[in-house]
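Visitor: First the structure, then my questions, so here it is.
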Amino acid sequence: MGRLILILGGARSGKSDLAERLALSHGGEDVLYVATGQALDDEMAARIAHHRATRHAGWRTVEAPLDAAAAIAKAEARVVVLDCVTLLVSNLLLTLGDPERGDEAPDERRAEELVKAQVDSLLAAIAQHPGLAIAVSNEVGLGLVPPYPLGRLYRDLLGRANRQLAAAAEAAYMVIAGLPIDLKRLSALQDPFAHLANPSP
């Protein structure tokens, strides 16, 4: 049975740094990096180039913008890093239509089915992987509500994907300002419904 660690955080929080430190400590040189970014413009191309340049030189990289599950299913490395679920969900959503290109807005039900199917496939692939999988994802539900329907749909899809991954993970961390918080350990320390069993007078 494969093992999964989920790392959440905001932009530039240090979540990828934590994922790479964990991968190095558990896998050494035997790490496969599954990247979901696509160089669709100059800014994104520069970001991808920066990530490649700072990544451990001995690691292998597979680009899987739409089917990260297939890449993990073929992985033979001791550790697999999936970076990131955020872009994977975005890429999948935009295959159904991009209003900025003049397309109709994606159908919400089709989008939910597509993303859930990919997350199900991810978890199945991780379960069959003999080593450790580390998935990185953004927490996008803490900011302002997006002012347009596609943004709201994306936020909801990613939130559900993160919940599904966190439920299956043996450990889940929230990284804030470079500091990881162990979410599962915190959750186990307290019963959030204890006050309901013994209401105060």
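Visitor: What pairs come up if the first residue lies in segment 51-66 and is surrounded by fewer than 16 Cβ atoms within 10 Å (Cβ to Cβ), the second is of a type in the set (Asp, Glu), and their beta carbons are under 6 Å apart, counting only those six or more places apart or on different chains?
Guide: Once the first residue is surrounded by fewer than 16 Cβ atoms within 10 Å (Cβ to Cβ) and sits in segment 51-66, its partners that are of a type in the set (Asp, Glu) give Gly58/Glu29.
Visitor: If I ask for residues that are open to solvent by 70 Å² or more (accessible area, probe 1.4 Å) and touching a helix residue (DSSP H, G or I) at 6+ places or on another chain (Cβ under 8 Å), which ones from segment 74-104 would you list? Before the answer, list the steps.
Guide: Quick first cut of segment 74-104, residues open to solvent by 70 Å² or more (accessible area, probe 1.4 Å) only: 74, 76, 78, 95, 100-101, 104.
Correct list: Arg78, Thr95.
Visitor: Among the residues that make up segment 54-66, is at least one of them over 18 Å from Gly27 (Cα atoms) and in a helix (DSSP H, G or I)?
Guide: Taking segment 54-66 first, the residues over 18 Å from Gly27 (Cα atoms) are 63-66.
If we keep only those that are in a helix (DSSP H, G or I) as well, we get none.
No, segment 54-66 has no match at all.
Visitor: Would you call Thr86 of a type in the set (Ser, Thr, Tyr), closer than 14 Å to Asn138 by Cβ and outside any loop (DSSP other than H, G, I, E, B)?
Guide: Considered against the rule, which asks whether it is of a type in the set (Ser, Thr, Tyr), closer than 14 Å to Asn138 by Cβ and outside any loop (DSSP other than H, G, I, E, B), Thr86 comes out as yes.
Visitor: Would you say Gln118 is modelled with pLDDT of 95 or more, within 17 Å of Ala69 (Cβ to Cβ) and over 16 Å from the mean Cα position of the chain (by Cα)? Walk me through how you get there before you give the answer.
Guide: Working: modelled with pLDDT of 95 or more: yes; within 17 Å of Ala69 (Cβ to Cβ): yes; over 16 Å from the mean Cα position of the chain (by Cα): no.
Considered against the rule, which asks whether it is modelled with pLDDT of 95 or more, within 17 Å of Ala69 (Cβ to Cβ) and over 16 Å from the mean Cα position of the chain (by Cα), Gln118 comes out as no.
Visitor: What residue, of Ala172, Ala167, Ala161, Ala135, is in a helix (DSSP H, G or I) and open to solvent by less than 60 Å² (accessible area, probe 1.4 Å)? Outline the logic, then answer.
Guide: On the way: Ala172 fails: in a helix (DSSP H, G or I); Ala167 fails: open to solvent by less than 60 Å² (accessible area, probe 1.4 Å); Ala135 fails: in a helix (DSSP H, G or I).
Exactly one of Ala172, Ala167, Ala161, Ala135 is in a helix (DSSP H, G or I) and open to solvent by less than 60 Å² (accessible area, probe 1.4 Å), namely Ala161.
Visitor: Hey, can you tell me all the residues within segment 1-27 that are among the β-branched types (Val, Ile, Thr) and closer than 18 Å to Pro130 by Cβ?
Guide: If the condition is that a residue be among the β-branched types (Val, Ile, Thr) and closer than 18 Å to Pro130 by Cβ, then Ile5 is the only one that fits.
Visitor: Quick one: how many residues across segment 1-40 are among the aromatic types (Phe, Trp, Tyr) and farther than 17 Å from Ala57 by Cβ? Step through it out loud before you land on a result.
Guide: Step one: of segment 1-40, the residues among the aromatic types (Phe, Trp, Tyr) are 33.
If we keep only those that are farther than 17 Å from Ala57 by Cβ as well, we get none.
Summing the residues that are among the aromatic types (Phe, Trp, Tyr) and farther than 17 Å from Ala57 by Cβ in segment 1-40 gives 0.
Visitor: Got a number for residues in segment 19-50 being of a type in the set (A, V, I, L, M) and open to solvent by 20 Å² or more (accessible area, probe 1.4 Å)?
Guide: Adding up the residues that qualify gives 9.
Visitor: Still on this structure, please answer the following. Could you list, ordered by first residue, the pairs with Cβ atoms under 9 Å in which the first is in segment 25-49 and at positive phi and the second is at pLDDT 75 or above and surrounded by 16 or more Cβ atoms within 10 Å (Cβ to Cβ), at least 6 apart or interchain?
Guide: Qualifying pairs under 9 Å: Gly28/Arg78; Gly28/Val79.
Visitor: So which pairs qualify, if the first residue must be in segment 73-85 and closer than 14 Å to Arg21 by Cα, the second must be open to solvent by 10 Å² or more (accessible area, probe 1.4 Å) and part of a loop (DSSP other than H, G, I, E, B), the Cβ gap must be under 6 Å, and the two must be at least 6 apart or on different chains?
Guide: Val79/Gly131
The values are calculated or read from the model by the stated rules, or taken from the named source; none is laboratory data. Since we're looking at a predicted model, the values are computed, not measured. Quick reminder, even Gly has a Cβ in these numbers, built from the backbone with ideal geometry, and neighbours come from all protein chains shown. Calculation scope for accessible area: heavy atoms of the full protein, side chains included, ligands and nucleic acids excluded. Shrake-Rupley method; radii C 1.70, N 1.55, O 1.52, S 1.80 Å.
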